[in-house]
Amino acid sequence: MDPKPNNQNGSEGRLPAMAPLANPYVPFQMENPPKYEARKGIVRGTLFPGLDLPFMGLVNQTELPITPKTELQVLGFAIQELALYLDTHRDDKEALALYRQYQDLYHQGMMEYTRRYGPLNHRTPDDSEAYRWLDDPWPWEYAGNKED
Amino acid sequence: MFSYEKKLQYPVKIANPNPQLAKIVLTQYGGPDGELGASLRYLSQRYSMPFDELKGLLTDIATEELGHLEMVGAIVHQLTRNMKDSQMKDPAFAPYFVDHTAAVYPQSAGGTPWSAATMQVKGDPMTDLVENMAAEQKARTTYDNILRLSDDPDVNDVIKFLRAREVVHFQRFGEACQLLREKLNQKNVYYMNPSIDL
């Protein structure tokens, strides 16, 4: 089924040329779509301007504090968003390359975070003498936002 | 398998406790269109999905929903910390308090405990994907309604993030319908059930 471009009005999606009746259609997001920078994407809740559709103009303008933890949250968000995109666009080479760049940065950030604050999961090597897995705060606690 | 990652997907930092609002937000923990139902729906549907894109997408969205369950739980937890006597006795919150104190229990805002009757796992891929598109829209509307009811900027910051994720998930499920359709009989996509007839 040949996809038919449908971007006359700035839309970033395309509908199929042949469309059997009695079927649901959502325009397919076109390959290599525009993307926010990751730190903006996470507060908007999407990396893609085309999918940024806020309720009643309520747009998140939050500036996340720059900490080792938020850095991992930003990178982890970009990876998740690109993973869902790649699940339905497995042949988009630009998105795949970007996904791998964010993975490299995440890995570096995670090793550095672990060295300073302790492991984020049981499989991260931590060469400190103490068993730091248990250290407070846990993620759901208000104190989990200490900007260290 | 699943393993725990000791951080939230997006920060939750609620300065002012507000048990009344906690009871509203709780509906996205264990209500009819909440994150518990979303994650269990997608995790359970995976087993009857043909085609690698559908298995992968359901796994990845379900896993993200478990992270959202944790974030909603964190909002409720932080909104009910250090409660004053007057907040416990608030008629809007006292019935919850007597059963669950300041704990996080999966129920709707109206008090109905979470039930698998709020979701479906039908075992037909197109049927299940359409169920999921509807589920994402229902969750989005619930977040819209929370934004109408809440004037707490710390809560709304997180709610807006979660709402945006529903829109993205809807898009991906819609694309999954197209990927599925391309593999079926174009003259009659309902000719058989690809979960058991392929």
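Just checking, how many residues over the stretch B:1-20 are in contact with a helix residue (DSSP H, G or I) (Cβ under 6 Å, 6 or more places away or on another chain) and not in a loop (DSSP other than H, G, I, E, B)?
Summing the residues that are in contact with a helix residue (DSSP H, G or I) (Cβ under 6 Å, 6 or more places away or on another chain) and not in a loop (DSSP other than H, G, I, E, B) in the stretch B:1-20 gives 1.
Kindly list, by first and then second residue, each pair from a residue in the stretch A:88-113 that is in contact (Cβ under 8 Å) with a residue 40 or more places away in the chain to a residue that is acidic (Asp, Glu) and open to solvent by 30 Å² or more (accessible area, probe 1.4 Å), limited to pairs with Cβ atoms under 7 Å and residues at least 6 apart or on different chains.
A:89/A:31; A:92/A:31; A:109/A:71
Out of the stretch A:81-97, which residues are open to solvent by less than 40 Å² (accessible area, probe 1.4 Å) and part of a helix (DSSP H, G or I)? So that I can check it myself, show each step before the final result.
Narrowing the stretch A:81-97 to residues open to solvent by less than 40 Å² (accessible area, probe 1.4 Å): A:81-89, A:92, A:95.
A:81, A:82, A:83, A:84, A:85, A:86, A:87, A:88, A:95, listed by residue number.
In this structure, does residue B:99 turn out to be charged (D, E, K, R), in a loop (DSSP other than H, G, I, E, B) and over 28 Å from residue B:184 (Cβ atoms)? Full working, then the answer.
Values: charged (D, E, K, R): yes; in a loop (DSSP other than H, G, I, E, B): no; over 28 Å from residue B:184 (Cβ atoms): yes.
Against the criterion (charged (D, E, K, R), in a loop (DSSP other than H, G, I, E, B) and over 28 Å from residue B:184 (Cβ atoms)), residue B:99 does not qualify.
Are there any pairs, at least 6 apart or on different chains, whose C-beta atoms fall under 7 Å, with the first in the stretch A:52-71 and farther than 26 Å from residue B:139 by Cα and the second open to solvent by 40 Å² or more (accessible area, probe 1.4 Å) and part of a loop (DSSP other than H, G, I, E, B), and if so, which?
From the stretch A:52-71, the pairs are A:65/A:147; A:67/A:147; A:67/A:148.
Somewhere in the stretch B:6-21, is a residue basic (Lys, Arg) and open to solvent by less than 40 Å² (accessible area, probe 1.4 Å)?
In the first step, residues of the stretch B:6-21 are kept if they are basic (Lys, Arg); the result is B:6-7, B:13.
Now narrow it down to the ones that are open to solvent by less than 40 Å² (accessible area, probe 1.4 Å): B:6-7.
Yes, there is a match, as at least one residue in the stretch B:6-21 is basic (Lys, Arg) and open to solvent by less than 40 Å² (accessible area, probe 1.4 Å).
Assigned to a helix (DSSP H, G or I), among the aromatic types (Phe, Trp, Tyr) and within 14 Å of chain A (Cβ to nearest Cβ): does that describe residue B:42?
Numbers: assigned to a helix (DSSP H, G or I): yes; among the aromatic types (Phe, Trp, Tyr): yes; within 14 Å of chain A (Cβ to nearest Cβ): yes.
Taking the combined requirement at face value, the residue satisfies it.
How about the stretch A:51-78: which of its residues are more than 8 Å from chain B (Cβ to nearest Cβ), surrounded by 18 or more Cβ atoms within 10 Å (Cβ to Cβ) and not charged (D, E, K, R)?
A:74, A:75, A:78
Would you check if residue B:65 is outside any loop (DSSP other than H, G, I, E, B), of a type in the set (D, E, K, R), closer than 29 Å to residue B:160 by Cβ and in contact (Cβ under 8 Å) with a residue 60 or more places away in the chain? Outline the logic, then answer.
Numbers: outside any loop (DSSP other than H, G, I, E, B): yes; of a type in the set (D, E, K, R): yes; closer than 29 Å to residue B:160 by Cβ: yes; in contact (Cβ under 8 Å) with a residue 60 or more places away in the chain: no.
Here the answer is no, as residue B:65 does not meet what is asked.
Identify all residues within the stretch A:116-136 that are in a helix (DSSP H, G or I), without any contact (Cβ under 8 Å) to a residue 12 or more places away in the chain and surrounded by 13 or more Cβ atoms within 10 Å (Cβ to Cβ); write none if there are none. Steps first, answer last, please.
Start the filter on the stretch A:116-136 by keeping residues that are in a helix (DSSP H, G or I), which leaves A:116-117, A:132-134.
Adding the requirement that they be without any contact (Cβ under 8 Å) to a residue 12 or more places away in the chain leaves A:134.
Within the stretch A:116-136, none qualify.
Do the conditions hold for residue B:130, that is, is it closer than 12 Å to residue B:23 by Cα and at the interface with chain A (Cβ under 10 Å from one of its Cβ atoms)?
Values: closer than 12 Å to residue B:23 by Cα: no; at the interface with chain A (Cβ under 10 Å from one of its Cβ atoms): yes.
It is false that residue B:130 is closer than 12 Å to residue B:23 by Cα and at the interface with chain A (Cβ under 10 Å from one of its Cβ atoms).
Against the conditions (1) farther than 18 Å from residue A:36 by Cα; (2) open to solvent by 80 Å² or more (accessible area, probe 1.4 Å); (3) of a type in the set (Asp, Glu), where does residue A:112 fall short? Just the number, please.
Just one mismatch for residue A:112, condition (2).
If a residue has to be within 7 Å of chain A (Cβ to nearest Cβ), open to solvent by less than 60 Å² (accessible area, probe 1.4 Å) and either free of Cβ contacts under 8 Å to residues at least 12 places away in the same chain or not in a loop (DSSP other than H, G, I, E, B) (or both) to count, how many in the stretch B:157-198 make the cut? Steps first, answer last, please.
Kept after step one, since they are within 7 Å of chain A (Cβ to nearest Cβ), are these residues of the stretch B:157-198: B:157, B:160-161, B:163-165, B:167-168, B:171-172, B:174-179, B:181-182, B:186, B:189.
Now restrict to residues that are open to solvent by less than 60 Å² (accessible area, probe 1.4 Å): B:157, B:160-161, B:163-165, B:167-168, B:171-172, B:174-179, B:181, B:189.
Applying the additional criterion that residues be either free of Cβ contacts under 8 Å to residues at least 12 places away in the same chain or not in a loop (DSSP other than H, G, I, E, B) (or both) yields B:157, B:160-161, B:163-165, B:167-168, B:171-172, B:174-179, B:181.
Looking only at that region, the number is 17.
Out of the stretch A:28-50, which residues are within 8 Å of chain B (Cβ to nearest Cβ) and either open to solvent by 30 Å² or more (accessible area, probe 1.4 Å) or over 18 Å from the mean Cα position of the chain (by Cα) (or both)?
Passing the criteria: A:28, A:44.
Could you check how many residues of the stretch B:83-112 are open to solvent by 70 Å² or more (accessible area, probe 1.4 Å) and either within 28 Å of residue B:4 (Cβ to Cβ) or within 14 Å of chain A (Cβ to nearest Cβ) (or both)?
So the answer is 3.
Since residue B:121 meets every condition but one in (1) over 30 Å from residue B:179 (Cβ atoms); (2) part of a loop (DSSP other than H, G, I, E, B), which condition does it not meet?
Result: residue B:121 passes all but (1).
Within the stretch B:51-82, work out how many residues are open to solvent by less than 30 Å² (accessible area, probe 1.4 Å) and either of a type in the set (S, T, N, Q) or over 21 Å from residue B:134 (Cβ atoms) (or both). Please lay out each step first, then the result.
If we filter the stretch B:51-82 for residues that are open to solvent by less than 30 Å² (accessible area, probe 1.4 Å), which is where we start, we get B:53-54, B:56-58, B:61-62, B:64-65, B:67-69, B:71-76, B:78-80.
Checking which are either of a type in the set (S, T, N, Q) or over 21 Å from residue B:134 (Cβ atoms) (or both) leaves us with B:56, B:67, B:71, B:73-76, B:78-80.
Count: 10.
The values are calculated or read from the model by the stated rules, or taken from the named source; none is laboratory data. Everything numeric in this text was worked out from a predicted model, so none of it was measured. Quick reminder, even Gly has a Cβ in these numbers, built from the backbone with ideal geometry, and neighbours come from all protein chains shown. With ligands, DNA and RNA removed, areas are computed over all heavy atoms of the protein, side chains included. Shrake-Rupley method; radii C 1.70, N 1.55, O 1.52, S 1.80 Å.
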